[in-house]
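To start, the structure under review is shown below, and the notes come after it.
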Amino acid sequence: SFKSISELSHKMIGRFALNKGGINGIRKMWNSGGSSVRLSSGGITRMGLDHPSMAQIVKYNGVVTISGQVDVDAKDIVGQTKNVLKKVDSLLEQAGTDKSKLLTANIWLKNAEKDFATVNSMWNEWIDEGNKPARATVEANMVSPDWLIEVQVSAAVDNE
């Protein structure tokens with residue numbers, strides 16, 4: 001039984017990646033966000049389409065949303081948080097915006113009791129102090145036991 005569509009989606013994506021090459025399949029899936037492929041339909045632009053079930057970036061009506069970002073290289077919360085925030089910066093740049101235009105942020109932590117203070121401190125150093133987004137942080141049962149954090153954001157972007 002799943003508590004949300006997001007949890008179900010994460011489980012399905014993780015199982016797909018595991019079936020397509022174990023942890024290397026997951027690494028390939030989550031590190032492929034830089035695809036230059038773009039598709040437009042009804043004013044919606046989708047970028048980073050290498051993954052079979054999602055886009056890394058979706059732009060519509062002045063808002064960009066990026067998919068949840070995880071890190072499969074670092075083994076601790078500090079390293080994973082640094083790497084995830086670098087991915088967020090990169091995807092926002094690809095979309096034509098930056099963290100000063102964040103609207104919302106969702107953070108999932110494997111162990112909130114243990115890691116919240118560390119992540120919160122790193123987040124506060126990373127965000128644009130004058131342009132803080134609305135944010136939610138929750139503890140989640142991650143798809144991979146190695147994932148300690150996942151971050152998903154939306155931001156304002158100029159229409160093309």
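A 22 angstrom limit on the alpha carbon distance is what I want to check against. Which of Lys82/Lys114; Lys86/Lys132; Lys59/Lys110; Lys75/Lys101 exceed it? Flagged as over cut-off: Lys59/Lys110; Lys75/Lys101. Kindly identify region 58-135 as rounded, prolate or oblate by the Cα gyration tensor criterion: order the square roots of the eigenvalues as a ≥ b ≥ c, call it rounded if a/c is under 1.5, otherwise compare a/b with b/c, prolate if a/b is larger, else oblate. Cα axes put region 58-135 in the prolate bin. The charge dipole of region 64-135, taken about its Cα centre with unit charges on the Cβ of Lys, Arg, Asp and Glu (plus for the first two, minus for the last two), comes to roughly 160 debye.
Placing unit charges on each Cβ (+1 for Lys and Arg, -1 for Asp and Glu) gives region 50-107 a dipole about its Cα centre, and among Val63, Ile107, Ser53 the Cα reaching farthest toward its positive end belongs to Val63.
Only the coordinates and a few stated rules stand behind these numbers; no lab work does. Keep in mind that what you see is a predicted model, and the values were worked out from it rather than measured. Glycine gets a Cβ as well: all are built from the backbone with ideal geometry, and neighbour counts include every protein chain shown.
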